[in-house]
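Everything below concerns the one structure shown next.
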Amino acid sequence: MRRNEIRVRKIEFSNDFSMNEFRINPSIKFNARELKLKDEEQKDGHKVFAVQCNVLIEQTNENRMPIRLDVIVEGMFEFVDETQEQIDKFMKLGAPEAVYAATRSIVASVTAQAGGVTVINLPLIDFERQGEAQQNQQNQ
């Protein structure tokens, strides 16, 4: 891998302060895609991919929440001379892990600084185990 970047695309936070206790049920989604390169940037073996992590914490009918938090973090990863197998492996494990680690840190930081709300620590995700489970489902 030649280079990577992680960028915050969106942070929206609101707090109602009327509730002291609540249980979060975050929606966490990942989206990966290959980016199109301009003609002058295209070289043999040169590829760029992006992984986006969207986290939404909000009140629902089933779960009362004093806050609303919408965060989008994107990682961009540039590859030169890696095999497709190496790229696929990194994009399934390494890329989402890196982007999610940054997202967890951002959510904890924003909620720590908000005051009146317990710091929100997003759950850990075992990407390797999750990938194995998805592969087992596809093989059935």
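A short reminder: the numbers here are calculations on the coordinates, not readings from a lab. If you're wondering where the values come from, they're calculated on a predicted model, not measured in any experiment. Cβ: placed from backbone, ideal geometry, glycine included. Neighbour counts: every protein chain shown.
Odds and ends about this structure:
- Sparsely packed loop sites in segment 60-106 (the GluC sites (Glu not before Pro) outside DSSP H, G, I, E and B with at most 11 other Cβ atoms within 10 Å) comprise Glu62.
- Segment Lys89-Val119, extension gain: residue separation times 0.36 nm, minus the distance between their alpha carbons: 7.5 nm
- Taking Lys92, Lys36 and counting other C-beta atoms within 10 Å, the order from fewest to most: Lys36, Lys92
- Extension gain from Asn61 to Glu5, taking 0.36 nm per residue of separation minus the Cα-Cα distance: 16.4 nm
- Using the Cβ-Cβ distance between Gln130 and Leu35 with R0 set to 22 Å, the FRET efficiency works out to roughly 0.35.
- Between Val80 and Ser27, the C-beta separation translates, for a Förster distance of 30 Å, into a calculated FRET efficiency of about 0.30.
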